[in-house]
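Student: Here you go, one structure.
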Amino acid sequence: MREAIRQSLEGMERNDGGPFGAIVVKDGNIVGRGNNRVTSSNDPTAHAEVVAIRDACKNLGSFQLDGCDIYTSCEPCPMCLGAIYWARPERVFFGCTRTDAADIQFDDALIYNEMTVPLEQRKIPMIPLLRDEALAVFRAWKEKEDKTAY
């Protein structure tokens with residue numbers, strides 16, 4: 001956890017982005033590191049956890065983090081939480097809470113709330129379009145014999 005906190009401090013001091021850091025550990029070894037790089041990379045998805053997951057997956061040659069733990073300096077936001085579930089680590093340890101983050105103007109409450117709001121009532125309109133054409137690709141995936149399932 002101290003390394004995740006160190007990542008958050010160093011990234012913040014370099015002006016990479018917000019004060020967030022994360023590491024991925026497997027068998028006692030750090031296999032991925034990340035700090036928030038949203039503003040320095042102009043990438044709203046470059047949160048510490050996502051950066052660390054990408055680094056670990058590259059280093060492990062896998063799209064899943066089987067047998068890994070994630071240490072993050074703050075409770076993951078909804079986007080990072082989704083990425084964590086897709087990556088399938090064993091556990092997540094975090095330092096600060098989402099309330100602590102909100103206290104320094106990193107408030108994810110809107111996103112947490114929007115996830116429970118019907119599509120037609122969300123702040124950003126979510127409009128279904130060309131479902132039949134999109135479903136054709138899903139049917140092709142379902143029938144694809146050489147796919148890599150995940």
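The values are calculated or read from the model by the stated rules, or taken from the named source; none is laboratory data. The structure displayed is predicted, hence computed values, not measured ones. When we count neighbours, we look across all protein chains shown, and the Cβ atoms used for this are built from the backbone with ideal geometry, even at glycine. Just so you know, the surface numbers come from the protein's heavy atoms only, side chains and all, with ligands and any DNA or RNA stripped out. Shrake-Rupley method; radii C 1.70, N 1.55, O 1.52, S 1.80 Å.
Student: Within the bounds of region 4-26, is there any residue that is within 28 Å of T148 (Cβ to Cβ) and among the polar types (S, T, N, Q)?
Tutor: Looking through region 4-26, none of the residues is within 28 Å of T148 (Cβ to Cβ) and among the polar types (S, T, N, Q).
Student: Something else now. Would you please name the residue that is modelled with the lowest pLDDT, looking only at residues in region 120-135 that are surrounded by fewer than 10 Cβ atoms within 10 Å (Cβ to Cβ) and part of a helix (DSSP H, G or I)?
Tutor: It comes out as E120.
Student: Sticking with this structure for a sec: Anything in region 100-132 that is out of contact with any Leu (no Cβ under 8 Å at 6 or more places or on another chain) and of a type in the set (D, E, K, R)? List them, or say none.
Tutor: Answer for region 100-132, where residues must be out of contact with any Leu (no Cβ under 8 Å at 6 or more places or on another chain) and of a type in the set (D, E, K, R): D100, D103, D107, D108, E114, E120, R122, R131, D132.
Student: Those residues that are out of contact with any helix residue (DSSP H, G or I) (no Cβ under 8 Å at 6 or more places or on another chain), among the aliphatic types (A, V, I, L, M) and not in a loop (DSSP other than H, G, I, E, B), I need them from region 95-104; list them, please.
Tutor: A101
Student: While we're here: If you take the residues of region 25-46 that are open to solvent by 30 Å² or more (accessible area, probe 1.4 Å), of a type in the set (V, I, T) and over 15 Å from the mean Cα position of the chain (by Cα), which of them is farthest from M79 (Cα to Cα)?
Tutor: I30
Student: Within region 75-94, work out how many residues are assigned to a loop (DSSP other than H, G, I, E, B), within 10 Å of Q64 (Cα to Cα) and either open to solvent by less than 30 Å² (accessible area, probe 1.4 Å) or touching a residue at least 40 places away in the same chain (Cβ under 8 Å) (or both).
Tutor: 1
Student: Okay, moving on. Take region 28-73 and flag every residue that is in contact (Cβ under 8 Å) with a residue 60 or more places away in the chain and within 13 Å of G11 (Cβ to Cβ).
Tutor: T72, S73
Student: Something else now. Please verify whether A22 is more than 18 Å from I104 (Cβ to Cβ), open to solvent by less than 30 Å² (accessible area, probe 1.4 Å) and within 15 Å of the chain's Cα centre (by Cα), treating the condition exactly as stated.
Tutor: Answer is no for this residue.
Student: Which of the numbered conditions does D107 fail, given that it passes all the others? Conditions: (1) open to solvent by 60 Å² or more (accessible area, probe 1.4 Å); (2) part of a strand (DSSP E or B); (3) among the acidic types (D, E).
Tutor: Exception for D107: condition (2).
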